[in-house]
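Here is the structure we will look at, set down as structure tokens.
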Amino acid sequence: MAALVPLARIPRWGSLICRSHRVVLNRSSLTRGIASSIDPSHGLTDEQKEFQKVAFDFAANEMAPHMAEWDQKEIFPVETMRKAAQLGFGGIYVQPDVGGSGLSRLDTSVIFEALSTGCVSTTAYISIHNMCAWMIDTFGNSKQREKYCPDLCTMEKFASYCLTEPGSGSDAASLLTTARRNGDHYILNGSKAFISGGGDTDVYVVMCRTGGKGPKGISCLVVEKGTPGLSFGKKECKVGWNSQPTRAVIFEDCTVPVSNRLGEEGQGFNIAMKGLNGGRINIASCSLGAAHASLLLARDHLTVRKQFGETLSNNQYLQFRLAEMATRLIASRLMVREAAKALQEGRSDAVYLCSMAKLFATDECFSICNQALQMHGGYGYLKDYPVQQFVRDIRVHQILEGTNEVMRMIISRNLLSES
């Protein structure tokens, strides 16, 4: 990670409290930090612990203080993300020869989990941007890599992933956006829905149909903002993920050079699925960060909130619920990290482990955040307290990068095919 400059030891995460609608990190006491039972540094190498500290520190100092404001005012924090890119977080698993950090999938998971403790929504966009940069780095030729990757790794330019359409969500192979070849250009027509960064980003990695029906007729094109025929829908009003804009991306006789195609014609669906395997690990890692932060928030609230003459931390039922939350967090983290290693190693079970990790971690981590909100009582429902934002921001993780129902389909098909 050449761009990363070692920082001083990062104080352990304390409680997030909200004052005057700003999320503030309380780091006054190491004794109120991460309990050893849920310490996310367990099992990591010394190098991994170092960049995990850098990510935690960045989350605490550059993201957490602004998390609520970005959410409420729907601010896309471009400059903050460029600061993250200076630490190597703009192209974490992109190769170093084009400006990337060249880290592993496990390293990436560790970083995204740490960053998400400061702002899930912003980290989730960074993860999508990283996925797009990786796709160009992996499937692009030398000219494409040199043209796009350096600016993406510094986040001088931002990227969006365009697969989902108004009529094709889970059934991605039925997409209708067409790319008709005309000499040395393609003419694109169609639209993409729910595109993170849409309208504000510079590079669009687009799955489109260059051939017949089904997955083999799909190709992948890189479309640059400003291309004639490219336009955007209205900015969507969302429950969460408000620090990143979401719009439809529309192609109307949009002319794109054939030289912008990644790989060969017909390889697009395979490229999309390979990208999503990593995307599922990334989004599960973002859920881990939210659950980790919410668990600490709940723990700290129980130690100060009094009812019936004593603090809630003395209530055995709440003690047991806290223990269950911690157990589910660790189980999720172990599964995500094992899937990340399998994907890095190219193991035959990688696709299924990625699906299992995404299914399990996003479901369990949402449950943890939701239970943390419940432990706050009525305070948890106020926007003065950050736990509600973690709940809102990670709810969509059970839907995107392949719904959790589709994850169940992938897993069950594998089980039944080998019966």
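Being of a type outside the set (D, E, K, R), in contact with a helix residue (DSSP H, G or I) (Cβ under 6 Å, 6 or more places away or on another chain) and farther than 30 Å from Gln86 by Cα holds for only one residue in Ser168, Ser191, Ser174, and it is Ser168.
For region 350-371, a residue qualifies if it is among the small types (Gly, Ala, Ser) and in contact with a helix residue (DSSP H, G or I) (Cβ under 6 Å, 6 or more places away or on another chain), and the qualifying residues are Ala350, Ser355, Ala357, Ala361. Against the numbered list (1) open to solvent by less than 10 Å² (accessible area, probe 1.4 Å); (2) over 25 Å from Glu156 (Cβ atoms), Asn282 comes up short only at (2).
Here Leu103 meets each of (1) modelled with pLDDT of 95 or more; (2) in contact with a helix residue (DSSP H, G or I) (Cβ under 6 Å, 6 or more places away or on another chain) with one exception, condition (2).
For region 218-245, the tally of residues that are touching a residue at least 12 places away in the same chain (Cβ under 8 Å), more than 15 Å from Gln72 (Cα to Cα) and out of contact with any helix residue (DSSP H, G or I) (no Cβ under 6 Å at 6 or more places or on another chain) stands at 11.
Restricting attention to region 247-271 and to residues that are open to solvent by 30 Å² or more (accessible area, probe 1.4 Å) and assigned to a helix (DSSP H, G or I), the residue that is nearest to Cys220 (Cα to Cα) turns out to be Phe269. Is there a residue being open to solvent by less than 60 Å² (accessible area, probe 1.4 Å), of a type in the set (Asp, Glu), modelled with pLDDT of 50 or more and closer than 30 Å to Asp97 by Cβ anywhere in region 34-51? No; the residues of region 34-51 include none that is open to solvent by less than 60 Å² (accessible area, probe 1.4 Å), of a type in the set (Asp, Glu), modelled with pLDDT of 50 or more and closer than 30 Å to Asp97 by Cβ. As a summary of the residue check, Arg328 satisfies the conditions (1) open to solvent by 20 Å² or more (accessible area, probe 1.4 Å); (2) under 29 Å from Cys162 (Cβ atoms) except for the one numbered (2). The requirement of being without any contact (Cβ under 8 Å) to a residue 40 or more places away in the chain, assigned to a helix (DSSP H, G or I) and out of contact with any Gly (no Cβ under 6 Å at 6 or more places or on another chain) is satisfied by Ser313. When you check Tyr186 against the structure, is it modelled with pLDDT of 95 or more and over 27 Å from Ser116 (Cβ atoms), yes or no? Criteria met by Tyr186.
Residue-wise test of (1) open to solvent by 10 Å² or more (accessible area, probe 1.4 Å); (2) in contact with a helix residue (DSSP H, G or I) (Cβ under 9 Å, 6 or more places away or on another chain).
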{"residue": "Phe58", "(1), (2)": "yes, yes"}
{"residue": "Glu69", "(1), (2)": "yes, no"}
{"residue": "Ala84", "(1), (2)": "no, yes"}
{"residue": "Gly88", "(1), (2)": "no, yes"}
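I need a count of the residues in region 221-271 that are in contact with a Phe, Trp or Tyr (Cβ under 7 Å, 6 or more places away or on another chain) and among the hydrophobic types (A, V, I, L, M, F, W, C). Going through region 221-271 one residue at a time, the tally reaches 11. Restricting attention to region 241-255, does a residue exist that is farther than 30 Å from Pro96 by Cα, touching a Leu at 6+ places or on another chain (Cβ under 9 Å), among the polar types (S, T, N, Q) and modelled with pLDDT under 95? No; the residues of region 241-255 include none that is farther than 30 Å from Pro96 by Cα, touching a Leu at 6+ places or on another chain (Cβ under 9 Å), among the polar types (S, T, N, Q) and modelled with pLDDT under 95. The numbered conditions (1) buried (at least 18 other Cβ atoms within 10 Å of the Cβ); (2) closer than 15 Å to Thr117 by Cβ are all true for His301 except (2).
The values are calculated or read from the model by the stated rules, or taken from the named source; none is laboratory data. Note that the structure is predicted; figures quoted are calculated from it, not measured. Heads up, the Cβs are rebuilt from the backbone with ideal geometry, glycines too, and the neighbour counts pull from every protein chain shown. For accessibility, only protein heavy atoms count, side chains too; no ligands or nucleic acids. Shrake-Rupley method; radii C 1.70, N 1.55, O 1.52, S 1.80 Å.
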